[in-house]
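The block underneath contains the structure these notes are about, expressed in structure tokens.
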Amino acid sequence: MAYKKVKALIEHGKARVAIYVRVSTLYQIDKDSLPMQKKDLIAYASLILGTDDYVIFEDAGYSGKNTDRPKFQEMMSQIRQGVFTHLLVWKIDRISRNLLDFASMYNELKELGVIFVSKNEQFDTSTAMGEAMLKIILVFAELERNMTSERVTATMISRANNGLWNGGRVPYGYNYDIQTGEFSFNESEKSVVEMMHNLYEEHRSLIHVARILNDRQLFSRAGNQWSAATLLIILRNVFYCGDYQYNRSKEGNRSKKKKESEWITIQDHHPAMISREQKERIIAILDSQAEQYKIHQRKHETKHVHVFGGLMYCGACKKPMNSTPGNITRDGWKYSKYSCSTRRKSPTACNCPTISDPVVGEFVFNYILNMLNAQRGFAEISSPEELQERLLRGDTFLQVKGIEPDGLNDLYSVLASGKVSGDVYGKGVKIKKDEKRQAQSELSKLRKEKQRAERALERLTNLYLYSDDAMSEKEYIIEKEKLIEALEGINERIGMANPDAWNQSVSDEIFVQRASEFIISQNLSGRNYVNYKRLASSVDADVLKTFLLGIIDSISVMDGRICSIVFKNGLSHSFIYR
């Protein structure tokens, strides 16, 4: 479609030009490089291309090493819509100095029928010679860029070999004199560096050392609290024992290290703050702990899903709570723990204790169940006070005195309006009946067979979860697998009998959302209490998490108890404890 638009404009002599200008430094901007480019290109469009119909796209202060520039991307978006017939630049490297990036862009322009013109190199790609010249110039532009990069790298390595510092952030604990090129101690920071080395060697815990330093109000140079990650950088850095290292990390990815043979190390380069012996002992401890962690990870390769991960917030400091795997119970259930990120760094900074899945899950799912039951029985509720009594039914809420009036009244108003569609905690599940009767008796039989199998699976799950004389877990798993296998066979036969049944277009996100809501609603339907442990053991953790993320915005915790729940539809319920 875009190609036809461009072709039609060119055939009718209606050239429309996208003018692109770029400079990579503020110096160039100050020297009026952009105004000069724009003036020349506007004149070129008028005199040579014969049009005053142009739009200028301007990227100031962006490098040409890639095409990740706002105005360039905006321009390309409009070009793809067939808005322009020409792309005009002052010089080819204004688009990109990277051959692959430019080649990709140029191929796209050709497919769209857009003519590329470089004013400075005096060619345009509407001619065979212009296109050939373009490719030759691109090769040399890429060569020049690579040679410049190699020269800079060689210069930096030569400086490092001569003991000259190549710049960067001055390590914590040191001062740097630009005139003399020498390092000296920052006495106030030096004492902290020595303290953290000694504390780590004593306690062998990054988190514990961070807490001690933060409790003593000994913060980083920027005034931030210490974390395990920032401590690790300092404790592994040999700069503190007088050594200067360069060329350790790979270009473009500082987290990956080069081969040790490529490192440049200048010993006794500056005054040492920590002895080599202590630094070697500390690095050995860190390496040992890292190896133990890898072994532990290999033993527990199965991914653990934190059902309430990303939803939990500390009610005291308002920070997100960290999710960590909890212990494994005797029957093999592994739950999650949620702890305040502020308290993790400093226990004195926040007093919010850790809370776990059993506590959160029991509260949240029973509250959702009570909301569902209140909605279904709303005809019997005549006031917000009666609604509150319904919402706080059950032993789970014995310590809850009430719900803040604002949230309670909002829910009451929503239910009283009679405009609620589906369940109040989600979109609800509506099973649409097929309007067309199936003529094939075989297909009808298969569907009935499928319904019977689904009802059997539902009864089996209910028997296991809620019956006083519940079957054993082993019996439940065996019977469940048999029914699931039978269902899969029936579905396969239905698909063979009626392939069109699977042609309905439903996105993965919608499908997962509907499936999770359906499974949850089946487990909650008609119940007055949910045993969260049983629910979590019988329903896949990913399904539970998807369901919660679809209906809940956040859960706040204070003093080890749920203090508020904010739902996706805007309802916010805060709880008052006795």
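Peptides 276-284, 72-80: what's the order by average Cβ count within 10 Å, highest mean first? Could you put the intermediate results ahead of the total?
Values: 276-284: 14.6, 72-80: 16.2.
Sorting 276-284, 72-80 by mean packing, highest first, produces 72-80, 276-284.
Using a Förster distance of 56 angstrom, determine the FRET efficiency expected from the C-beta separation of Glu386 and Gln245, and round it to 0.05. Don't skip to the end; give the middle numbers.
Working: r = 71 Å, r/R0 = 1.27.
That pair, Glu386 with Gln245, gives E of 0.20.
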R0 = 41 Å: FRET efficiency of Lys65 with Ser341, Cβ-based, nearest 0.05? 0.70
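Hey, what did the range 174-298 get for relative contact order, percent, Cα under 8 Å, at least 6 apart? Let's see the in-between values first.
Numbers: 124 pairs, mean separation 27.0, N = 125.
With pairs under 8 Å counted, the relative contact order is 22 percent.
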Square roots of five times the C-alpha gyration tensor eigenvalues of the range 2-148, ordered largest first and given in whole Å, equal 23, 18, 14
For the residue pair Ser126 and Thr265, what label-to-label distance in nm results when each label sits 7 Å from Cα along the Cα-to-beta-carbon direction? 6.4 nm
On the first, second and third principal axes, largest extent first, how far apart are the outermost C-alpha atoms of the range 174-298 in Å? 48, 39, 30
Once you have the Cα-Cα distance between Asn162 and Ala272, take 0.36 nm times their residue separation minus that, and quote the gain in nm to one decimal. 37.7 nm
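Using packing as a proxy for protection, rank 348-360, 400-412 so that the peptide with the highest average count of other Cβ atoms within 10 Å comes first. Can you show the working numbers first?
On the way: 348-360: 18.2, 400-412: 16.2.
Highest-to-lowest ranking by the protection proxy: 348-360, 400-412.
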Are there GluC sites (Glu not before Pro) in the range 191-270 that DSSP marks as loop and that have at most 10 other Cβ atoms within 10 Å, and which are they? Glu251
For Glu74 paired with Ser46, estimate the spin-label separation in nm (one decimal), with each label point 7 Å from Cα along the Cα-to-Cβ line. 2.4 nm
With a cut-off of 8 Å between alpha carbons and a minimum separation of six or more residues, what is the relative contact order of the range 2-148 in percent? 27 percent
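What's the extension gain from Asn146 to Asn322 if we count 0.36 nm per residue and subtract their Cα-Cα distance?
Details: separation 176, 0.36 × 176 = 63.36 nm, distance 4.42 nm.
Roughly 58.9 nm would be gained on extension.
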Dividing the surface of the Cα convex hull of the range 319-415 by four yields a projected area in nm² of 8.5 nm²
Extent along principal axes [Cα atoms of the range 163-209; Å; largest to smallest]: 40, 20, 15
What's the FRET efficiency of Glu182 with Arg204 using the Cβ-Cβ distance as r and R₀ = 30 Å, to the nearest 0.05? 0.30
Counting other beta carbons within 10 Å of each Cβ, put Tyr367, Tyr174 in order, fewest first. Tyr174, Tyr367
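None of the figures in this text is laboratory data; all of them are computed from the coordinates on show. Quick caveat, the model's predicted, so the values are computed rather than measured. Here Cβ is always computed from backbone atoms with ideal geometry, including for glycine, and neighbour counts include all displayed protein chains.
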